[in-house]
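J.: Before we start, here is the structure in question, set down as structure tokens.
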Amino acid sequence: MNIQQIDQTYVASTYGRMPVALVKGKGALAWDENGKEYIDLGAGIAVNTFGYSDDVWIQAVTEQLGKISHTSNLYYTSPDALLAKMLCEKTGMKKVFFGNSGAEANECAIKTARKWAYDQFGDESHSTIITLKNSFHGRTIATLAATGQDKFHTHFGPFPGGFVYATPEDPDELEKLASENACCAIMIELVQGEGGVVPLSQAYVDAVVAAAKKHGLLIIDDEVQTGNGRTGTLYTYMQYGFQPDIVSTAKGLGGGLPIGACLLGEKVQNTLTPGSHGSTFGGNPTSCAGALSILSRIDDELLKGVQEKSKYIFDTLSGAKGVQSVTGLGLMIGIACDKPVGEVLSVCLEKGVIVLSAHDKVRLLPPLSIPMEQLKKAIEVLKEALA
Ligand SMILES: Cc1ncc(COP(=O)(O)O)c(C=O)c1O
């Protein structure tokens, strides 16, 4: 049996995979088992910030593997302490809880918001969290419930209650939900990723900030996909001019190893107490050493490059044949197209370019460090496939 047959026989059938087995990668390039080369505009779904097998990241990870690869959270280790310090210094947040994934970072955010309300009211009366329709917050039972898409609310019930869903760009509905429910938080993605790469407008985000202030609610900013330089600033809230109370992030932070982080702001910095939350692999020294090497290199120069490459993609594809719209921020881009998205993905793959989908759109999440020449070559292929 080849790799695909073994996988299809033994791996749970939760993924619709493309008919390719990737065996090697370097930067934005990947090779399949037959030696065919691809330019990858997906970066493992926004994970490989500096591309595949980045040398600096490999060195940081392997050095740490040779020192201490894992220990329990019963002891101190330096990579997670230094990573938490760097995250706080770069964001103005106060403390960090580490887990393994975006969903886990969001679980922590949900638990923190509810405990924060419990600590004030002495009961669970203010446990409701407003999330947005069309959002995506993860695959655990609670983060599925937080996700504002009906299709995620089947098969696995009963789901936990305590979530109400607001229509993006409708401040009146948000105000109504905040008034009619005993809430503790509003949870948003500033660019709805899985929902089709749709940025929230500045006016709507201002309304979210105003509603949170008026009703005494926390703002949870899900930056699992948008974070870590992806949209052209270190975190996307920095472009919208407000300070969230909780930021969840994952994906690109680890640069290829599993890590999730829940950043806690001033109001909630002491909400979680010993025993109230935890994760065996949370703060794993190897993942944290890799993340430190990633985070320390997301600097102004890299972010300027993200903005320039973004502009190139928008300029080249907006109004191109077969393209209905180009949306997104930085190197998180969605393309609504005339052709069925599956067809565009297949044609690109055939021609050596990997792109993703989100709903019925083509989605681009290239490594932030992709060289301009490789990006141009790949976008030409995509442009032809879209026409
Ligand atoms: C905004 C957002 N939140 C949460 C998640 C879940 O992250 P993970 O798959 O790491 O659990 C995702 C994954 O795509 C996401 O895009």
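J.: For segment 240-275, what are the residues that are hydroxyl-bearing (Ser, Thr, Tyr) and touching a Ser or Thr at 6+ places or on another chain (Cβ under 9 Å)? Talk me through it step by step, then tell me what you get.
T.: Restricting attention to segment 240-275, the residues satisfying the condition of being hydroxyl-bearing (Ser, Thr, Tyr) are 240, 248-249, 271, 273.
If the condition is that a residue be hydroxyl-bearing (Ser, Thr, Tyr) and touching a Ser or Thr at 6+ places or on another chain (Cβ under 9 Å), then THR249, THR271 are the ones that fit.
J.: Determine whether ARG139 is within 14 Å of the ligand (Cβ to nearest atom), farther than 22 Å from GLU173 by Cβ and either among the charged types (D, E, K, R) or surrounded by 13 or more Cβ atoms within 10 Å (Cβ to Cβ) (or both). Let's see the steps before the verdict.
T.: On the way: within 14 Å of the ligand (Cβ to nearest atom): yes; farther than 22 Å from GLU173 by Cβ: yes; either among the charged types (D, E, K, R) or surrounded by 13 or more Cβ atoms within 10 Å (Cβ to Cβ) (or both): yes.
Taking the combined requirement at face value, the residue satisfies it.
J.: Working only within segment 73-106, note down all residues that are more than 16 Å from the ligand (Cβ to nearest atom) and surrounded by 17 or more Cβ atoms within 10 Å (Cβ to Cβ).
T.: First pass over segment 73-106, keeping only residues more than 16 Å from the ligand (Cβ to nearest atom): 73-96.
Answer for segment 73-106, where residues must be more than 16 Å from the ligand (Cβ to nearest atom) and surrounded by 17 or more Cβ atoms within 10 Å (Cβ to Cβ): THR77, PRO79, ASP80, LEU83, ALA84, LEU87, CYS88, THR91, MET93, LYS95, VAL96.
J.: Starting from segment 100-118, take each residue that is under 24 Å from GLU194 (Cα atoms) and list its partners that are part of a helix (DSSP H, G or I) and within 8 Å of the ligand (Cβ to nearest atom), counting only C-beta distances under 8 angstrom and pairs at least six apart or across chains.
T.: Listed by first residue and then by second, the contacts come to GLY102/LYS251; ALA103/THR143; ASN106/THR143; GLU107/THR143; ILE110/THR143.
J.: Additional query: Residues LEU257, LEU218, LEU264: which one is crowded, with 22+ Cβ neighbours inside 10 Å and in contact with a helix residue (DSSP H, G or I) (Cβ under 6 Å, 6 or more places away or on another chain)?
T.: Going through LEU257, LEU218, LEU264 in turn, just one is crowded, with 22+ Cβ neighbours inside 10 Å and in contact with a helix residue (DSSP H, G or I) (Cβ under 6 Å, 6 or more places away or on another chain): LEU218.
J.: Looking only at segment 11-60, which residues are among the aliphatic types (A, V, I, L, M), crowded, with 20+ Cβ neighbours inside 10 Å and on the phi > 0 side of the Ramachandran plot?
T.: ALA43, ALA46
J.: For the list (1) within 11 Å of the ligand (Cβ to nearest atom); (2) on the phi > 0 side of the Ramachandran plot, I need the number of the one condition that ASP222 fails.
T.: (2)
J.: Quick one: which of GLU189, GLU194 is surrounded by 22 or more Cβ atoms within 10 Å (Cβ to Cβ) and touching a residue at least 40 places away in the same chain (Cβ under 8 Å)?
T.: None of the other options fit; the residue is GLU189.
J.: Taking ALA211, is it free of Cβ contacts under 8 Å to residues at least 60 places away in the same chain, surrounded by fewer than 24 Cβ atoms within 10 Å (Cβ to Cβ) and among the small types (Gly, Ala, Ser)?
T.: Values: free of Cβ contacts under 8 Å to residues at least 60 places away in the same chain: yes; surrounded by fewer than 24 Cβ atoms within 10 Å (Cβ to Cβ): yes; among the small types (Gly, Ala, Ser): yes.
For ALA211, the condition - free of Cβ contacts under 8 Å to residues at least 60 places away in the same chain, surrounded by fewer than 24 Cβ atoms within 10 Å (Cβ to Cβ) and among the small types (Gly, Ala, Ser) - is met.
J.: Continuing with the same structure: Determine the pairs where a residue that is in contact (Cβ under 8 Å) with a residue 60 or more places away in the chain and at negative phi, located within segment 128-139, has a partner that is part of a strand (DSSP E or B) and near the ligand (Cβ under 7 Å from one of its atoms) with Cβ atoms under 7 Å apart, the partner being 6 or more residues away or on another chain.
T.: Matching pairs, first to second residue: HIS137/ASP222.
J.: Here's something else I'd like to know. State all residues of segment 254-279 that are within 16 Å of the ligand (Cβ to nearest atom) and either more than 23 Å from VAL56 (Cα to Cα) or assigned to a loop (DSSP other than H, G, I, E, B) (or both); if no residue qualifies, say none.
T.: GLY254, GLY255, GLY256, LEU257, PRO258, ILE259, CYS262, LEU263, SER279
J.: Taking into account only those residues within segment 229-253 that are in a helix (DSSP H, G or I) and over 26 Å from ASP55 (Cβ atoms), which is nearest to the ligand (Cβ to nearest atom)?
T.: Ranking the qualifying residues of segment 229-253, first place goes to TYR237.
J.: Looking only at residues in segment 293-323 that are assigned to a loop (DSSP other than H, G, I, E, B) and more than 21 Å from LEU83 (Cβ to Cβ), which one is farthest from the chain's Cα centre (by Cα)?
T.: LYS321
J.: From the residues in segment 167-207 that are of a type in the set (A, V, I, L, M) and away from the ligand (no atom under 16 Å from the Cβ), which one is nearest to ALA46 (Cα to Cα)? Outline the logic, then answer.
T.: From segment 167-207, those of a type in the set (A, V, I, L, M) are 174, 177-178, 182, 185-188, 190-191, 197-198, 200, 203, 205, 207; that's our starting set.
Filter again for away from the ligand (no atom under 16 Å from the Cβ), leaving 174, 177-178, 182, 203, 207.
Values: LEU174: 30, LEU177: 33, ALA178: 33, ALA182: 35, ALA203: 27, ALA207: 28 Å.
Taking the candidates together, the pick is ALA203.
J.: Report yes if some residue within segment 66-82 is part of a helix (DSSP H, G or I) and within 30 Å of THR147 (Cβ to Cβ); otherwise report no.
T.: Yes: segment 66-82 contains one or more residues that are part of a helix (DSSP H, G or I) and within 30 Å of THR147 (Cβ to Cβ).
The numbers here are math on the coordinates, done by the rules we state, and not lab data. The structure displayed is predicted, hence computed values, not measured ones. Neighbour counts are summed over all protein chains in view; Cβ atoms, including those assigned to glycine, are modelled from backbone coordinates with ideal geometry.
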